[in-house]
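The values are calculated or read from the model by the stated rules, or taken from the named source; none is laboratory data. In this text, all values refer to a predicted model and were calculated from it rather than measured experimentally. Reconstructed Cβ throughout: ideal geometry from the backbone, glycine too, with neighbour counts over all protein chains shown. For the accessible areas, the whole protein counts, side chains as well, though only heavy atoms, and no ligand, DNA or RNA atoms are used. Shrake-Rupley method; radii C 1.70, N 1.55, O 1.52, S 1.80 Å.
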Amino acid sequence: QVQLVESGGGLVQPGGSLRLSCAASGTIFNTYATGWYRQAPGKQRELVATMARGGSTIYADSVKGRFTISRDNAKNTVYLQMNSLKLEDTAVYYCAAVQSFGVVPPTRGYRYWGQGTQVTVSS
C-alpha cells in the first residue's frame, strides 16, 4: 500500500515562497510518476505539475516560471517549490503518484493521493 504525506503548507504573503514536501512509503519510489494538484474553494481539482520517473515535467500555464517540481528518490520524497505566490494560488495542494515507466509525464490517471495541505496566500 502506497502512502503519501504532504507537509509545508501555510500562510504566506503575496510574492512569498513556500516549499511543499510529499513523503512516500510502501513502495520503490523511483518507478513512479509524481504530481501535484490543487483545489480551491468552489473549483475543481486541477493539475499543477507532473513529473515522469525519468524527470521530464509539465506545468500548468498558471504556474510556469514560478513553481518547480522535483524529487529525491533516495528520500522517497517529491517537492513543489512555489515562488512569487499570488492570491489565486490559495488552495489545498495534493500530492499524487502512479507507477509509470513512460517518458511523458502523466496528466491524468494518478492512483495514489495524499491528504492535502492548505496553502493560503493573503496580505
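Just a few scattered comments:
- Candidate set: the stretch 32-59, residues that are free of Cβ contacts under 8 Å to residues at least 24 places away in the same chain and not in a loop (DSSP other than H, G, I, E, B); chosen: the one most open to solvent (accessible area, probe 1.4 Å): E46
- Per the listing D89, D61, D72, the residue uniquely closer than 19 Å to Q3 by Cβ, of a type in the set (D, E) and out of contact with any Asp or Glu (no Cβ under 8 Å at 6 or more places or on another chain) is D72.
- Members of the stretch 53-87 found to be among the aliphatic types (A, V, I, L, M) and modelled with pLDDT under 95, listed by number: A74
- Complete set of residues in the stretch 61-90 that are farther than 15 Å from G15 by Cα and within 12 Å of the chain's Cα centre (by Cα): T68, I69, S70, R71, T77, V78, Y79, L80
- Check on N30, of a type outside the set (A, V, I, L, M, F, W, C) and in contact with a strand residue (DSSP E or B) (Cβ under 6 Å, 6 or more places away or on another chain): no
- Of the residues in the stretch 77-89, at least one is farther than 21 Å from S122 by Cα and either aromatic (F, W, Y) or surrounded by fewer than 22 Cβ atoms within 10 Å (Cβ to Cβ) (or both).
- In the stretch 1-23, the residues that are over 16 Å from A49 (Cβ atoms), at pLDDT 95 or above and open to solvent by less than 40 Å² (accessible area, probe 1.4 Å): G10, V12, G16
- Residue within the stretch 93-108 that is modelled with pLDDT of 95 or more, open to solvent by 60 Å² or more (accessible area, probe 1.4 Å) and touching a strand residue (DSSP E or B) at 6+ places or on another chain (Cβ under 9 Å) present: no
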